[in-house]
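The structure appears right after this line, and notes come after that.
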Amino acid sequence: KLHEGQHDEL
Amino acid sequence: MNIFRLFGDLSHLAAIAILLLKIWKTRSCAGVSGKTQLLFAVCFITRYIDLFLHFVSLYNTEKVMKLIYISASVFTCYLIFFKFKATYDGNHDSMRAEFLIVPAAGLACLINTKFDAIEILWTFSIYLEAVAILPQLFLISKTGEAETITSHYLFAQGSYRALYILNWIYRYHYESHVDTIAIVAGVVQTILYCDFFYLYITKVVKGQKIVLPA
């Protein structure tokens, strides 16, 4: 699960 | 990574390549909105600002893609506003970009996941991207037509975020991953293309040109 606010998309 | 996001990114790359080729080959940016290209460049720079802050070695494709997006969009703006400036249709590219930038910036300060600089810039970039195509659609409605190659560019550009919606559905279902701000903005962005998609599928696919009003 991504931590809050991390965006892993372009 | 899933097939929808992969094809979404490929469609986005294709759009950028089609537009660059059109301008470079025809040595003209007629029918292309310089404002939309500027807004896209702003979107990429504000979204990928981390590349400039803590530069990490280009160890994965994502970093390379981000650099390609930034450099290609800046180069496109250079072609439009400098190299082929004489062919830039400034009179028809008349939508006020400030009417898109200011609300996107304001909304990014109001609705975001975390009130810190990087996150606000990312949110601004997402909101701005949703409406960045409007000057281009506005220009086409003013000139009343779109070159076929420009229609292909718009189709690829619109398809990229439409495919991302499928990617978000996939990730919600299989990874229970949700990025609400990106999803809402992506849906708005794709809805703005609906009219064009209809014209593209009913006309361009049959070899006709898009002429407005339809």
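Remarks
- Annotation note: of B:PHE44, B:PHE4, B:PHE52, B:PHE40, the sole residue that is under 24 Å from A:GLN6 (Cα atoms) and in contact with a Leu (Cβ under 7 Å, 6 or more places away or on another chain) is B:PHE4.
- Residue pairs whose Cβ atoms lie under 9 Å apart, sitting 6 or more positions apart in sequence or on different chains, and linking a residue in segment B:168-186 that is within 12 Å of chain A (Cβ to nearest Cβ) and in contact (Cβ under 8 Å) with a residue 60 or more places away in the chain to a partner that is in a loop (DSSP other than H, G, I, E, B) and among the aliphatic types (A, V, I, L, M), are B:ARG171/B:VAL178; B:ILE181/B:ILE111.
- Exclusive hit being within 14 Å of chain A (Cβ to nearest Cβ), surrounded by 21 or more Cβ atoms within 10 Å (Cβ to Cβ), touching a helix residue (DSSP H, G or I) at 6+ places or on another chain (Cβ under 8 Å) and not hydrophobic (A, V, I, L, M, F, W, C), set B:SER73, B:SER33: B:SER73
- Count - residues of segment B:112-167 that are aliphatic (A, V, I, L, M) and either in a loop (DSSP other than H, G, I, E, B) or away from every other protein chain (no Cβ under 14 Å) (or both): 14
- Residue in segment B:96-111 that is farthest from the chain's Cα centre (by Cα), counting only those that are of a type in the set (A, V, I, L, M) and not in a helix (DSSP H, G or I): B:ILE111
- Scanning segment B:191-214 for residues being in contact (Cβ under 8 Å) with a residue 60 or more places away in the chain and not aliphatic (A, V, I, L, M) gives a total of 3.
Just so you know, all these numbers are worked out from the coordinates, no wet-lab data involved. Here the structure is a predicted model, which means the values were calculated and not measured. Here the Cβ is made from the backbone with ideal geometry for all residues, glycine too, and neighbour counts use every protein chain on show.
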